[in-house]
1. Could you tell me what percent of the accessible area of segment 263-332 is made up of carbon and sulfur, with a 1.4 Å probe and every protein chain present?
2. Looking at L296, P273, M214, which one has the Cα that reaches farthest to the positive end of the dipole of segment 199-310 (charges on Cβ: Lys, Arg +1; Asp, Glu -1)?
3. Scan around G288 for amide H atoms under 5 Å from its own, H built in the peptide plane at 1.01 Å from N, and keep only partners 5 or more places away or cross-chain.
4. What ³J(HN,Hα) values, in whole Hz, does the Karplus curve 6.51 cos²θ - 1.76 cosθ + 1.60 give for segment 306-311 when θ = phi - 60°, with x put for Gly and Pro?
5. Would you mind computing, in nm to one decimal, how far apart the modelled labels at A256 and N234 are, each placed 7 Å from Cα along Cα→Cβ?
6. Starting from 0.36 nm per residue, how many nanometres of slack lie between R95 and A161 once their C-alpha separation is accounted for?
7. Using a simple charge model, +1 on the beta-carbon of Lys and Arg, -1 on the beta-carbon of Asp and Glu, nothing else, what dipole does segment 14-168 show about its Cα centre, in debye to the nearest 20?
8. Evaluate the distance, in nm, between pseudo-label points positioned 7 Å from the Cα of E46 and of M1 along their respective Cα→Cβ axes.
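The values are calculated or read from the model by the stated rules, or taken from the named source; none is laboratory data. Note that the structure is predicted; figures quoted are calculated from it, not measured. A quick note on method: Cβ atoms are made from the backbone with ideal geometry, for glycine too, and the neighbour counts reach across all protein chains shown. For the accessible areas, the whole protein counts, side chains as well, though only heavy atoms, and no ligand, DNA or RNA atoms are used. Shrake-Rupley method; radii C 1.70, N 1.55, O 1.52, S 1.80 Å.
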Amino acid sequence: MLPAWSPVHSTIDLDAPGKRFGKIVLPLPGLGETVEIPIAVFARGEGPTVLMTGAVHGDEYDGPITLLRIARSLELDHVNGRLIIVPVLNQLAMRAGQRVAPIDRLDLNRSFPGDPEGRPSEILAHWLATRLVPIVDAVVDAHTGGSFTNWVPLAMMHPLADADQHRRTMTLIEAMRPPLGVVIDESDKPGMFDTYVERRGKIFVCCEFGGGTMTRRSLDVAGVCLRNALRHFNMLPGELETPVWPEFDGPRILQAADLDWVVASRRDGIYEPVVELGQAVAKGQVLGYVHPIDDLEAEPAEARAPIDGVLIFRPASSRVEKGTRLGMIARDL
Ligand SMILES: [Zn+2]
């Protein structure tokens, strides 16, 4: 059992009907300071409780912009159930423009179930785990690749042992109509927000909307996917929209991915891409070359596709180190 006590509090009632904007107040141990994290709640009538979060990592911007717009524009009369929006969850990391909060260097998305007496990221994770997760039916968590990775805009889920939970999660992804829907088997699941929510039988969809610099296209896709999620839960009127992403014939191409299909650089150097993001590749095809910067005679190291599929991410910077993730291949389910 997790301890129920938390030093964190919300300035608004999350349970009463109505529309309210407020703050999650996170104390910083030993500093006598607090961090205020904006939170919005829309509660009306019967229906599920849905949590939408942005900026679990502080260098990811498409989700926060989109969720701020939704929070400002959504009309309570359209909501059936309860919607909780936290557009910029990791305030400390975003103030620094970094993936993690400089104060503790902890990845919030590896800090669950957290600790009310721990460091700030652990305290926040514990509050989310004990105050929000128990009341929600579904979580839509909006990420991007941040400073390190550029993704094809996609929505993903873990493979789930419970067939009904798997189906309900996939149904949400299909309704969101991302350019790509991916079932991803991640090896470092412990401590993830995703895993904590999934293990309680609830829906969790993680979105990766692009990279650390928003583009008009990535932002438009984020808007479509998150509005479609609201429509799926009967919290926004109108027909489902389809995002514009002409690299694919149509949305809802379901793919599977596995960490074994990540290609890592075998040396330091400069990465020369051969294949564009979202392009179909054959097993063994060269994805790119890593050129050494200090050796004129050495051949560049080839990075090859481990399977047939589609390249779903690439590094954000062309300067790579040994071990930098150069790409990941997803294939048809
Ligand atoms: Zn992230």
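1. Details: 1780 of 3870 Å².
Solvent-exposed carbon and sulfur of segment 263-332 make up 46 percent of the total.
2. M214
3. HN-HN under 5 Å from G288: V274, A303.
4. After applying 6.51 cos²θ - 1.76 cosθ + 1.60, I find x, 8, 5, x, 10, 6 Hz.
5. Going by the 7 Å Cα→Cβ label model, 3.4 nm.
6. On the way: separation 66, 0.36 × 66 = 23.76 nm, distance 3.82 nm.
This chain segment gains 19.9 nm when fully extended.
7. Working: 15 positive and 18 negative charges, 59 e Å.
Dipole about the Cα centre, nearest 20: 280 debye.
8. So the two model labels end up 3.3 nm from each other.
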